[in-house]
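Engineer: Quick one: structure below, then a few questions.
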Amino acid sequence: MRIHVTYAGGTIGMVDSPDGLRPGADMASWLNTQFDGIELKGHVSMSQLSPLVDSSETTPIHWQMIIDDIRAHGDEADAFLVLHGTDTMAYSAAALSYALADFTKPIVLTGSQYPLGVVGTDASANVTGALRAAGSSQVSGVTLFFGHMLLAGNRSTKTSSWAFAGFDSPSTLPIARTGAPWRWYHSVEAGEGWANPTPYARHDVAVVDIVPGLSAARLRSMFTPLPEAVIIRAYGVGNIPASDPGFVDVLQELREAEVPLIVASQCHQAEVVLGHYEAGSTLARLGAISAHDMTLEALYAKTIFLLSQGLQGEEFAQWMDRSIAGEVSLPGIA
Ligand code: ASP
């Protein structure tokens, strides 16, 4: 078993500085100590992004750098590990799952809440757990290992800024849970895949949370200049204050300008059903697109992916109702 590690940054490899934590640990040497006495010793290669980033600095260009590194080492390893900051790890995991849907080897992302040099760090447990997952014949696709859980990458979300169990996949079961032996619950769901994806580029996507009392004027200002797509994080199954005529006018203007309007939910565990309530049926009439049960991370990365492929209009909308890499449960596909 050969493993290639792409080190992208994050707390796991940070050291103290007068301005707070910043990348600086000797990751290659530390990784070597993790392999002492195990059969992987000598079978692990590593490359790192330059510069290493706090993952809050991540853009779609960084997603593409990780993808390029994995593809460049595609023939040299049997499984791939990505060391990543926790803040946007779920976004990157989803982004990788779409662009590497045709990649047949397992890719596992992990990071940690404490840097590797701190007594009591979760770095060792997460890296060795991710290695165990990567080396298992039961895993495929893009997964995220953190705090004893292996999750489908494009179903995961960061749920805690401090707990060692910092991630969850609210709409699907975990893939596995550690223990002696590990418990395996299900496989990463397959999707339709995507052949020869165009590299990720930055796109202007507005993500707006609806809150009680949000005015039409404030809403309109959020869409100036017009974005390429809008993700509305509505209530429950996809409800908005539709009895405010000004509010609906703003959304209508977006549709008239042919800006895709995607409706997600603020609930961590949701199934968006537009038209279930009167408050959501206005969105259905406007031709809004349902995010179904996608996490914000999976939905945002998918929106950027589809825009990077040059999709617009009906074609763009249709792919929100189709699964590229298991990121969405569709009505009728249980
Ligand atoms: N800000 C850090 C990052 O996302 C947090 C972490 O890695 O836990 O890079």
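The values are calculated or read from the model by the stated rules, or taken from the named source; none is laboratory data. Quantities reported herein were computed from a predicted structural model and do not represent experimental measurements. Here Cβ is always computed from backbone atoms with ideal geometry, including for glycine, and neighbour counts include all displayed protein chains.
Engineer: Based on this model, can you work out whether I67 counts as away from the ligand (no atom under 16 Å from the Cβ), among the β-branched types (V, I, T) and touching a helix residue (DSSP H, G or I) at 6+ places or on another chain (Cβ under 6 Å)?
Structural biologist: Here the answer is yes, as I67 does meet what is asked.
Engineer: Residues in segment 72-82: is at least one within 19 Å of K158 (Cβ to Cβ), touching a residue at least 24 places away in the same chain (Cβ under 8 Å), within 16 Å of the ligand (Cβ to nearest atom) and not in a loop (DSSP other than H, G, I, E, B)?
Structural biologist: Looking for residues that are within 19 Å of K158 (Cβ to Cβ), touching a residue at least 24 places away in the same chain (Cβ under 8 Å), within 16 Å of the ligand (Cβ to nearest atom) and not in a loop (DSSP other than H, G, I, E, B), one finds at least one in segment 72-82, hence yes.
Engineer: Restricting attention to segment 33-44, and to residues there that are more than 19 Å from G120 (Cα to Cα) and touching a strand residue (DSSP E or B) at 6+ places or on another chain (Cβ under 8 Å), which single residue is nearest to the ligand (Cβ to nearest atom)?
Structural biologist: V44
Engineer: If you don't mind, another one. All but one of (1) within 13 Å of the ligand (Cβ to nearest atom); (2) assigned to a helix (DSSP H, G or I); (3) surrounded by fewer than 19 Cβ atoms within 10 Å (Cβ to Cβ) hold for Y91, so report the exception by its number.
Structural biologist: (3)
Engineer: Among the residues of segment 106-137, write down those that are in contact (Cβ under 8 Å) with a residue 12 or more places away in the chain, hydroxyl-bearing (S, T, Y) and within 16 Å of the ligand (Cβ to nearest atom).
Structural biologist: If the condition is that a residue be in contact (Cβ under 8 Å) with a residue 12 or more places away in the chain, hydroxyl-bearing (S, T, Y) and within 16 Å of the ligand (Cβ to nearest atom), then T110, S112, Y114, S124 are the ones that fit.
Engineer: Test A195 against the stated conditions and say whether it is among the aliphatic types (A, V, I, L, M), crowded, with 22+ Cβ neighbours inside 10 Å and either within 16 Å of the ligand (Cβ to nearest atom) or in contact (Cβ under 8 Å) with a residue 60 or more places away in the chain (or both). Full working, then the answer.
Structural biologist: Values: among the aliphatic types (A, V, I, L, M): yes; crowded, with 22+ Cβ neighbours inside 10 Å: no; either within 16 Å of the ligand (Cβ to nearest atom) or in contact (Cβ under 8 Å) with a residue 60 or more places away in the chain (or both): yes.
For A195, the condition - among the aliphatic types (A, V, I, L, M), crowded, with 22+ Cβ neighbours inside 10 Å and either within 16 Å of the ligand (Cβ to nearest atom) or in contact (Cβ under 8 Å) with a residue 60 or more places away in the chain (or both) - is not met.
Engineer: Identify the residue in segment 202-234 that is in contact (Cβ under 8 Å) with a residue 40 or more places away in the chain and either of a type in the set (A, V, I, L, M, F, W, C) or surrounded by 17 or more Cβ atoms within 10 Å (Cβ to Cβ) (or both) and, among all such residues, is farthest from P260 (Cα to Cα).
Structural biologist: I210
Engineer: Residues in segment 5-23 that are over 24 Å from S45 (Cβ atoms), more than 9 Å from the ligand (Cβ to nearest atom) and in contact (Cβ under 8 Å) with a residue 24 or more places away in the chain: how many?
Structural biologist: Matching residues across segment 5-23 total 1.
Engineer: Among the numbered conditions (1) at pLDDT below 95; (2) within 13 Å of the ligand (Cβ to nearest atom); (3) among the charged types (D, E, K, R), tell me where E57 comes up short.
Structural biologist: It is condition (1) that E57 fails.
Engineer: When you scan segment 177-190, do you find a residue that is surrounded by 12 or more Cβ atoms within 10 Å (Cβ to Cβ) and closer than 30 Å to V248 by Cα, even just one?
Structural biologist: No, because not a single residue in segment 177-190 is surrounded by 12 or more Cβ atoms within 10 Å (Cβ to Cβ) and closer than 30 Å to V248 by Cα.
Engineer: Can you name the residue in segment 7-60 that is in a strand (DSSP E or B) and of a type in the set (G, A, S) and is also surrounded by the most Cβ atoms within 10 Å (Cβ to Cβ) among such residues? Don't jump to the end; show me each part of the working.
Structural biologist: Residues of segment 7-60 that are in a strand (DSSP E or B), as a first pass: 7-9, 14-15, 22-23, 44-53.
The next check asks that each one be of a type in the set (G, A, S); those that pass are 8-9, 45, 47, 50.
On the way: A8: 28, G9: 25, S45: 13, S47: 15, S50: 7.
For segment 7-60, the residue satisfying everything is A8.
Engineer: Further, regarding this structure: Identify, from the list S140, S160, the residue that is modelled with pLDDT of 95 or more, polar (S, T, N, Q) and either within 13 Å of the ligand (Cβ to nearest atom) or within 28 Å of N196 (Cβ to Cβ) (or both). Spell out how you get there, then give the answer.
Structural biologist: Values: S140 fails: modelled with pLDDT of 95 or more.
Every option except S160 fails the conditions.
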